[in-house]
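Here's the structure, in C-alpha cells; my notes come after.
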2 protein chains.
Amino acid sequence: MHSQTEENYLKAIFKLLEKGEKKISTNAIASLVETAPASVTDMLKKLAEKKLIRYEKYQGVTLSVSGKKVAINIIRKHRLWEYFLVEKLGFTWDQVHDIAEQLEHIKSESLISRLDSYLGNPRVDPHGDPIPDEHGVFHTQNTIPLSVASINSSVIITGVIDHRPVFLRFLEKEGFGLGKKIIIKEKEDIDQSMLVLISGSKKLKHLSNEIARNILVLPEK
Amino acid sequence: MHSQTEENYLKAIFKLLEKGEKKISTNAIASLVETAPASVTDMLKKLAEKKLIRYEKYQGVTLSVSGKKVAINIIRKHRLWEYFLVEKLGFTWDQVHDIAEQLEHIKSESLISRLDSYLGNPRVDPHGDPIPDEHGVFHTQNTIPLSVASINSSVIITGVIDHRPVFLRFLEKEGFGLGKKIIIKEKEDIDQSMLVLISGSKKLKHLSNEIARNILVLPEK
DNA sequence: ATTATTTTTTAGATTTGCCTAAATTTTATT
DNA sequence: AATAAAATTTAGGCAAATCTAAAAAATAAT
C-alpha cells in the first residue's frame, strides 16, 4: 500500500501532466503539495524506487503506468466523495474540497464501488470535473472556456477551471451555476470582457475575460 | 488538532475504562492499539503533557475531561459511519469495522453533523452499540447478556459484546440478528447452555453459555 | 520478608516525511 | 561564450511513532 503522502505526490504529478506539461518540475510539485523543493526531491527518489514514476535528476518526472493508475484512483475517490457531500449531505460546491481531500485516502475497494452505485455512477463531480470510471477512463465532453464562445451563441455551463471557494461563491451569487444556459450578447474588443444573458433572467451580466476563461461551457447544438 | 495515533490511544483508554477497570495498564493499551508496551509509555507521556490523560509512572492512567471528549467524539464518528455503511451502502455488520476505523479520523465538524441528520440521528450502530449525541451523551437501554435471561422469558436482541466478524457471521447464519425476538425454553445446569426459540421459527436452537454471554438482550415488558 | 515473576519504563535505534543551508546543475542574459 | 540567475539536489538534522534489549519498579509466591 501507499502512504497518503505518496498518493498526494502522485496526484499532483498527474494534475500537472494533465495541464499540458510533458516533463514535470520539482518546483511545480513543491508548490502543489505545499512543501519545500528539497523534500520533493527526496520523495521523487522514493517513488522512482517503487517504480511509480520515471525520474532522472534535473530532468523532471513522468508517471509510470502503475503510478498513473494510483493517481487516477485517488482522483476518482476525491470526486465521488465530493458528489456525495453535495448531493447527499447538502454541502455547497465551495465547501467540499478539503473534506474530500481527506476522504480520498480511505482504503477500501468495496467502499468505493458501493459508493459509486449508491450515487448512481455519476459522470461529473459538483465542479463539472469528470469522474473516471472503475477502469480509470475519463468520459469527457467537448467543453470550451466561455471566453472563446462566439457572440450570439448559446452555451451551457459545465465546469470551472478555478476551483477556489471564493471564485465558486462569486459564480453562485451571480447565478452562474452548473447547468445554467447563457447567451453571449456582446464582447468588448478592448479587454475581451463580455455581456451575457442567463436564461430566464432579464438583465445582462458583465464578465471580465479573466473570469470567462475560468468557466467551461458546452456550445449548444 | 490531534494525530490519528493519539486519537486511537484515547479511544483505547476510553474503552478500557468503559469495560470496568478504574486504572488502565500499559499492557492493556498496548494490546488494544497493537503496539509494544514501550511505545505506549512514550505516547502516555505525550498525552499527559497535552493534558488529555492523567498519568503517573507505574500507576496507570485515566482520561481527563478533554481526553474523554476526544475519545467519545471518535466513537461517535465511528458508529455513525458504520450506520452509514450498513444502511446506505448495503454492507453487512461484519464488514464495516475496518472501514469505519479509517473514516472515524476524518476531521470536519460539519461533516459529522450533516451525516448525523442525513442518517436520521440514529441512536445505535449496526451492532447495537449506542451512538453518543453531539454533546457526547450516550442514551443506553437496560440490556442484559442473554446468558442471564430467565427461563421462559421473552427478549429482544439489541446488541453484541464480541464484535469479531466470525462471531457476527455465525449469529447472522443462525438467525440471531438485531431486533430478533427470542424465548428461552431450557437451560442446562451442567454448562449453562440454553435452548431458545426464535420468534417465527419452528425449531429450537442450542446456544452455549460462551455465546449467550456475548449477546445483549432487552427483556420484554 | 525474601525471592521470583510480571509489568513498566528507559535507552538507543529506525523509518517517514519534513526542514534549512550549501553545493551543483541547468537555463537565461548579456 | 562567459557570467548571472534560477532550479535542483545533497548534506545534515529534526519530530513523530515505532521497535528491541536492558534496567527499574511493582506484584506475587514461597
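The values are calculated or read from the model by the stated rules, or taken from the named source; none is laboratory data. Keep in mind the model is a prediction, meaning the values are calculated, not measured. Every residue, glycine among them, receives a Cβ derived from its backbone with ideal geometry; neighbour counts consider all protein chains shown. Accessible surface is based on the protein model in full, side chains and every heavy atom, while ligands, DNA and RNA are left aside. Shrake-Rupley method; radii C 1.70, N 1.55, O 1.52, S 1.80 Å.
Taking label positions 7 Å along the Cα-Cβ direction at both B:Glu101 and A:Glu18, the computed distance is 3.1 nm, reported to one decimal. The portion of the accessible surface of the range A:1-136 made up by carbon and sulfur, rounded to a whole percent, is 48 (1.4 Å probe; DNA, RNA and ligands excluded).
If only the Cβ of Lys and Arg carry +1 and only the Cβ of Asp and Glu carry -1, the dipole of the range A:58-211 around its Cα centre is close to 340 debye. Distances, shortest first, from the label point of A:Ala38 to those at the same position in the other copies read 3.0 nm; the point lies 7 Å along Cα to C-beta. Of the residues A:Phe84, B:Phe170, ranked by 1.4 Å probe accessible area with the largest first, the sequence reads B:Phe170, A:Phe84. Can you list the residues of the range A:56-104 whose accessible area drops by at least 50 Å² going from the chain on its own to the full set of protein chains, with a 1.4 Å probe? Residues shielded by partner chains are A:Leu89, A:Phe91, A:Gln102. In this structure the protein assembly as shown gives 53 Å² per residue of accessible area when probed at 1.4 Å with all protein chains present. Quick one: grab the alpha carbon gyration tensor of the range A:57-156, order the square roots of its eigenvalues as a ≥ b ≥ c, and give me rounded if a/c is under 1.5, else prolate or oblate depending on whether a/b is larger than b/c. Verdict is oblate for the range A:57-156.
Taking GluC sites (Glu not before Pro) across the range A:62-138, none is in a DSSP loop with at most 11 further Cβ atoms lying within 10 angstrom of its Cβ. Considering every alpha-carbon pair of the protein assembly as shown, the percent of pairs per 10 Å bin, from zero through the bin containing the longest distance, is 4, 16, 21, 23, 17, 10, 7, 2, 0, 0.
Distance cut-off 22 Å, Cα to Cα: go down the list A:Lys173/B:Lys107; A:Lys46/B:Lys50; B:Lys88/B:Lys221; A:Lys22/A:Lys51 and report the pairs above it.
A:Lys173/B:Lys107; A:Lys46/B:Lys50; B:Lys88/B:Lys221
A:Leu204 label point, 7 Å along Cα→Cβ, cut-off 17 Å on backbone N: hits in the range A:149-184? Those under the cut-off are A:149-155, A:182-184. According to the Kirkwood relation over distinct C-alpha pairs, the hydrodynamic radius of chain A is 19.0 Å. Separation of the range A:116-143 from the range B:177-203 is 50 Å, based on Cα centroids. For the range B:67-111, the residues whose backbone nitrogen is under 16 Å from a point 7 Å from the Cα of B:Tyr118, taken along Cα to Cβ, are B:77-91, B:100, B:103-111. Taking the charge dipole of the range B:37-170 about its Cα centre, with +1 at Lys and Arg Cβ atoms and -1 at Asp and Glu Cβ atoms, the residue from B:Trp93, B:Ser113, B:Pro165 reaching farthest to the positive side is B:Ser113.
Note on the range A:119-221: Kirkwood hydrodynamic radius from all Cα pairs is 14.2 Å, rounded to one decimal. Shown here for the range B:160-212: GluC sites (Glu not before Pro) in loop regions (DSSP other than H, G, I, E, B) with at most 13 other Cβ atoms within 10 Å, namely B:Glu188. Is the range B:1-114 rounded, prolate or oblate when judged by the Cα gyration tensor, a ≥ b ≥ c being the square roots of its eigenvalues, rounded requiring a/c under 1.5 and prolate requiring a/b larger than b/c? Prolate, because a/c is 1.5 or more and a/b exceeds b/c. By a 1.4 Å probe calculation restricted to protein chains, B:Thr5 has an accessible surface near 70 Å², given to the nearest 10.
Within the straight-line cut-off of under 19 Å between alpha carbons, the aspartates and glutamates reachable from A:Lys185 are A:Glu174, A:Glu210, A:Glu220, sequence neighbours fewer than 8 places apart in one chain being disregarded.
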